Each structure stands twice: as structure tokens, then as C-alpha cells.
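Each reported figure results from applying straightforward, stated rules to the coordinates on display, with no laboratory input. Everything quoted here is computed from the prediction, not taken from an experiment. FYI the Cβ positions are ideal-geometry reconstructions off the backbone, even for glycines, and counts take in every protein chain you see.
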Amino acid sequence: MTTYTALPPERFEADRPHLRAVAYRMLGSLGEAEDAVQETWLRAARADVGDVDNLSGWLTTVVGRVCLNMLRSRRTHPEVPLDSRVSEPAAGTAQGGDPEEEALLADSVGVALLVVLDTLAPAERLAFVLHDLFAVPFDTIAPMIERTPATTRQLASRARRRVR
């Protein structure tokens, strides 16, 4: 008889900030990022994680796939916002200078990057964000988007060129 090993809630909570950061960079909205993290929790709570060696990596994969599904859904069923997108806080801070100016610059750069990321295909976006912003290896990303590591590397490269 095999035993079922559930993911402890406190273990998930330890990874929540990282998962939210991944989802925010993928989706461009704190609200959608929270939805993606919650969906990740629902999936993780139902899964048997007894054989998972790297829970953080597994959870990152799950949130990446949830975000990919949300991006694909967004492309097939686009929503029209009621008001213009409000600048949401960008991750990270710069050093030196006036803190208020740095905050305004970070917000404007964050919004600009999200606008550029919206032009990428979901697979390109996932490859670019996970590899370039979170240093996830292409070998790990490839199964998420159902591509080879070489193709995933090419998608990230193409996305990098478009972002520039």
C-alpha cells in the first residue's frame, strides 16, 4: 500500500513570495499573480508530493504552467479593462539618489516592461521570465512549454531581442 504525502501549508507559505514574484512577472498584475498562486496552492494541496525532491522547483513549475494557461486564455478570450492599468509596484529597488525619484522610475520601467512582455507569445514569455529573471535552466523550462531545451533557448533569445 502506498501512502499519500500532502504538501504542508507552512511549506507552501515559505515559497509564496517567490511564487508571487514569478507570477507577477509573467502576468503583469498583482491580482492575477495572487490568483495564480492560489490556483497553485489548490493543485499542490491535491497532489502527492512524497516523491518530489525539490519542492520549490516543483512549485515554480506548477505556477509557471498556471500562468501559461492564464496567458493562453487571455489571448483567446481577451478582456477589456474598465480603466487604464494602474502602475503596480515593481520588484527590487535601485541604490543611491532620491528615493521618491527611484520609486517613480522603477514603477515606470516596470509598467513599460509589462507592456513589452504583453507582445510576447505565452511560451516566449515563460521562457524569458523564468530563465532571464529567475535563472531557471532551459532543461527545466522545456517540459513546461512542451518544447525541447534548444527550442526553449531560441524562444528566450527571440523574446530577449523583442524586449530590447
Review point. Of the chymotrypsin sites (Phe, Trp or Tyr not before Pro) in the range 1-80, which ones lie in a loop per DSSP and count no more than 15 other C-beta atoms within 10 Å?
Key: Y4
Check your understanding: So for the range 1-78, taking the charge dipole from beta-carbon charges (+1 Lys/Arg, -1 Asp/Glu), which of A23, P9, G57 sits furthest toward the positive end?
Key -> A23
Practice item. Please work out the Cα convex hull volume for the range 1-78 and give it in Å³ per residue. Key: 88 Å³
Study note, to complete from the structure: Around I145 (Cβ within 14 Å, Cβ-to-Cβ, excluding I145; K/R +1, D/E -1) the net charge comes to +3
Practice item. Could you please report the charge total around Q154, scoring K, R as +1 and D, E as -1 over all other residues with beta-carbon less than 15 angstrom from its beta-carbon? Key: +3
